[in-house]
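These notes are about the structure you will find just below.
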There are 2 protein chains.
Amino acid sequence: MTGRPTLAVVGATGAVGAVMLQILSQHADIWGEIRLIASPRSAGRKLAVRGEEVEVVALSEEAFDGVDIAMFDVPDEVAEQWAPIAAARGVVVVDNSAAFRLHPEVPLVVPEVNPHAVRTRPRGIIANPNCTTLTMIVALGALHAEFGLRELVVSSYQAVSGAGRAGVDALRAQLSLVAGTELGTKPGDVRRAVGEDTGPFPEPVALNVVPWAGSLREDGWSSEEMKVRDEARKVLGLPQLPVAVTCVRVPVITTHSLTVHARFQGEVTVDRAREILATAPGVVLCDDPAAGEFPTPADVVGTDPTWVGRLRRALDDPTALELFVCGDNLRKGAALNTAQIAELVAAEFS
Amino acid sequence: MTGRPTLAVVGATGAVGAVMLQILSQHADIWGEIRLIASPRSAGRKLAVRGEEVEVVALSEEAFDGVDIAMFDVPDEVAEQWAPIAAARGVVVVDNSAAFRLHPEVPLVVPEVNPHAVRTRPRGIIANPNCTTLTMIVALGALHAEFGLRELVVSSYQAVSGAGRAGVDALRAQLSLVAGTELGTKPGDVRRAVGEDTGPFPEPVALNVVPWAGSLREDGWSSEEMKVRDEARKVLGLPQLPVAVTCVRVPVITTHSLTVHARFQGEVTVDRAREILATAPGVVLCDDPAAGEFPTPADVVGTDPTWVGRLRRALDDPTALELFVCGDNLRKGAALNTAQIAELVAAEFS
């Protein structure tokens, strides 16, 4: 195959779709046509990509004619129906839904960690991990390559944009109700001020943290917690890795943070871990507490890398490291990783 | 000894002091005189306790004449100087500073966990743990008594009032600057809006989380993280317990939350853990995610117990439990536990 491949962006009008178009405009332009696809009600809208206005076409079988690679950011059930249709027409689908991530014949890819996995795609579908997994996995992949991971204990501090625009709208509306008040000091006062409508969250998220993300799975686990465990295992190629996760929503607009307790096969040193992280592609080490340097969402939002700080060796276990990691959940956590996978596949066309 | 003991409240005009007076007014009245002591600049102020106005007297040696028990909530260096002076005059000091917590001749007491420790106090001083340790220790003490703790991995979601009134003022001021804006989506936009003055925190805390609490200790650890490890070990009587902690500040006014990964000597069951927590004094089990029930700071603030939710057994380790715990850092985390210790000592006088 030669020539510039044709790319389709399916779900171009969504929040992640908008970031995809931004990234396509910023990255080296390797594409022939870029076709924008969305639901029929968005057809005819014009969106800017690579400095040009492109008209959105409605999702249909024919919309995939001539497409080489498609990036999907659509709800699980839409991906489940349409990714196989596109793949049957010869399109390589890079899907950001949860529909295929754990399918044994679908690779789950993070280009810095397991790039070669893109080559084996018997279904013509490649999956993109969820945003919380992506927050930590590039840094952990680099440490695993050197030290050999043996166990993970993870707690999340997840931004509201992980729940889409509705999540952002809910936090902004709640903040307007609590700012300039004395709320937050009496039982239920924030809840009464916010009222019944807490948006996509089960509790108010302003002046609060909510230990829940996703839907209920067995034995009290949330779907988000199961995703982090199952997807980290698959990307790292460690199907038996013990992973304990608790996911918590915090009043941050965009950028997930995680604390990670990572146990390795043998003794580790902070000096060597620091060297690895300082040179790992896609990672920025930001770790000098004496100078007040550690990553926070306010500084990380809008950037591409995984930021790592607060690197310490566990005081009571010479095989374990503690890390605090931040990553923009809409960029590396979604649109950027999807685009990186598509670019890996595109290299096959040159 | 007989008769009602005389109590002194040292640091009566501070944020925790105010909660102490509130608690003394709510609890069964076992005290004779209650004397309020503060720095000379607060002397002469009148504060309400047990429905009466009491005049604050200046801290001095003579201020302790006739006092049986004193609750101290003052800076470490003030406690270091004045607790021994009071003790030398026969006063039993219950100190909420960090000055004596790890002293081998000072018991560190949580009445639900190690009440008998109050009896052995060769210095006449009893210490109260820090607020983050107190958030989890009552629930962990109950589980330890049954299962035998072997390891802890803890991440905190700490309220700004842990940094005193200045912390609350800083968050309220920052919230007024970011509410009603589109901030939180571009690198540094929150920081620019907040400006240089971030109060007692090294970064803006509105629309952000900050992985730092306290001062810098060796090897990148924060003083708050070291306190949680050292104090948990001492209260539980497990001087070798492996404890890994990462402390993170979140935009919540009052009530600390923690995720806890607790590993025990042998296999545990959620059913038995649930029974233990449901009947443990000072613990409320709030754990029914199907009904949207888990503790959050917005509901817990202003209440006395340790609230426990999201109880799960680790999927890959039958000896480990995951918990999300919340506790009001000004009540059980400070004033309440101090008052409970003072009440334990007062029982010796009857």
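Coordinate-derived values only; no laboratory data. Keep in mind that this is a model prediction, so the values were computed, not measured. Backbone-built Cβ (ideal geometry, glycine too); neighbour counts: all protein chains shown.
For a straight C-alpha distance cut-off of 21 angstrom, no lysines are reachable from A:Lys46 once same-chain residues fewer than eight places away are disregarded. For region B:308-341 versus region A:122-179, the spacing of their alpha-carbon centroids is 25 Å.
Extending 7 Å from Cα along the Cβ direction at B:Glu62 and again at B:Glu196 yields two label points whose distance is 4.7 nm. Here the label points at B:Ala347 and A:Arg119, each 7 Å from Cα along the C-beta direction, are separated by 7.1 nm in the simple model.
Of the residues B:Arg41, B:Arg313, B:Arg165, the one that moves most in a GNM of chain B with alpha-carbon contacts below 10 Å is B:Arg41.
Highest GNM mean-square fluctuation among B:Pro242, B:Pro297, B:Pro251, for chain B modelled with Cα contacts below 10 Å: B:Pro242.
Expressed to the nearest 5 percent, the antiparallel share of DSSP beta bridges inside the protein assembly as shown is 50 percent. Rounded to the nearest 0.05, the FRET efficiency derived from the C-beta distance between A:Asp288 and B:Thr181 at R0 = 22 Å is 0.15. The A:Glu53 and A:His27 beta-carbon pair, evaluated with R₀ = 30 Å, returns a calculated FRET efficiency of approximately 0.95. Helix content alone sets the calculated 222 nm mean residue ellipticity of chain B: runs of n ≥ 4 DSSP H residues at -39500 (n - 2.57) each, divided across all residues, give -9000 deg cm²/dmol. Other protein chain C-beta atoms within 10 Å of residue C-beta, averaged over B:113-126: 0.
Other residues within the sphere of radius under 11 Å centred on the Cβ of B:Ser97, judged by their own Cβ, net out at -4 (K and R +1, D and E -1). A simple rule links phi to the HN-Hα coupling: the Karplus curve 6.51 cos²θ - 1.76 cosθ + 1.60 with θ = phi - 60°, which for region A:48-53 gives 8, 8, 6, x, 10, 7 Hz, with x for Gly and Pro. The alpha carbon gyration tensor of region A:195-350 gives principal lengths a ≥ b ≥ c with a/c below 1.5, which makes the shape rounded.
Sort B:Val301, B:Val92 by Cβ crowding within 10 Å, fewest neighbours at the top.
Final ranking by Cβ density, sparse to dense: B:Val92, B:Val301.
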